[in-house]
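One structure is given below, encoded as structure tokens.
The values are calculated or read from the model by the stated rules, or taken from the named source; none is laboratory data. Quick caveat: nothing in here was measured; it's all calculated off a predicted structure. Cβ sites come from the backbone with ideal geometry, for glycine too, and all protein chains shown count toward neighbours.
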Amino acid sequence: MTTQTAAKPALYMFDEVFAIEPAGTQPAPPAVTTAALDKAVAAARKEGHAAGVAEGRRAGEQAVAGRLADSIAALVAETAAIAQRAEADRAEIETMAVELAMAAVGRLAPALVARQPSAELADLLRGCLNGLRDVPHIAIRVSEDLVEPMRAEFDTVAAETGFAGRIVVLGDPDIAPGDGRIDWADGGIVRDMDETRRSIEAAVERFIAARSGPAGGPVGGPIDAPGAGTAKDETDE
């Protein structure tokens, strides 16, 4: 007779854990491949390079703009300096031209008067007679040495202008050759070369003083030199 032995139950195995996995546990992130890492590094490098290029371009443009502004400022300053020097040179040339003209007049005028001492005074008389046809007589004072030559000249002028009055020519020791004085009832006119020269020289001095002022300053007006004679409002004695 066979005896059957009952199987013994297995003992509890403490080295095995049968607990349920806790909720909320995240799965492990996937591993990053070398190719993906290289691609990310390349993209970052490319982005950084582009940013560096843009920043360098902006810095370069700012530097160029700064140099351009400095160049423009220097050009403006140089242009102003050139204009100032040109104005000073022009003023100097004008002054020299006026002085040269005055020197020429100072040399030529006496020679012309010596050649034709009655010419200017005869022209002055002609201008007077055109507006004095009804005056009964006119007195003309000239250099003592020129009384006779000028009397003939003045008679010719009176005939040419139709003056019917009397012309009296008187010699005056104080009158230089070429100068003279024409008087009528209610006025007169004087030709005095020395006085005219002094007036012109004074006007020239004012002109030169104005031109010698600060560059770009006001320019003196035209020289107001007197004409051939200066009118006198006085009665013949």
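Here are the numbers for the structure shown:
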| quantity | calculated |
| --- | --- |
| Residue match in the stretch 191-204 (condition: modelled with pLDDT of 85 or more and either buried (at least 19 other Cβ atoms within 10 Å of the Cβ) or on the phi > 0 side of the Ramachandran plot (or both)) | yes |
| Residue in the stretch 147-181 that is farthest from the chain's Cα centre (by Cα), counting only those that are within 16 Å of M193 (Cα to Cα) and among the aliphatic types (A, V, I, L, M) | I175 |
| Some residue of the stretch 100-119 being in a strand (DSSP E or B) and either touching a helix residue (DSSP H, G or I) at 6+ places or on another chain (Cβ under 7 Å) or of a type in the set (A, V, I, L, M, F, W, C) (or both) | no |
| Selection status of V157, surrounded by 18 or more Cβ atoms within 10 Å (Cβ to Cβ), among the aliphatic types (A, V, I, L, M), over 30 Å from A103 (Cβ atoms) and modelled with pLDDT of 85 or more | yes |
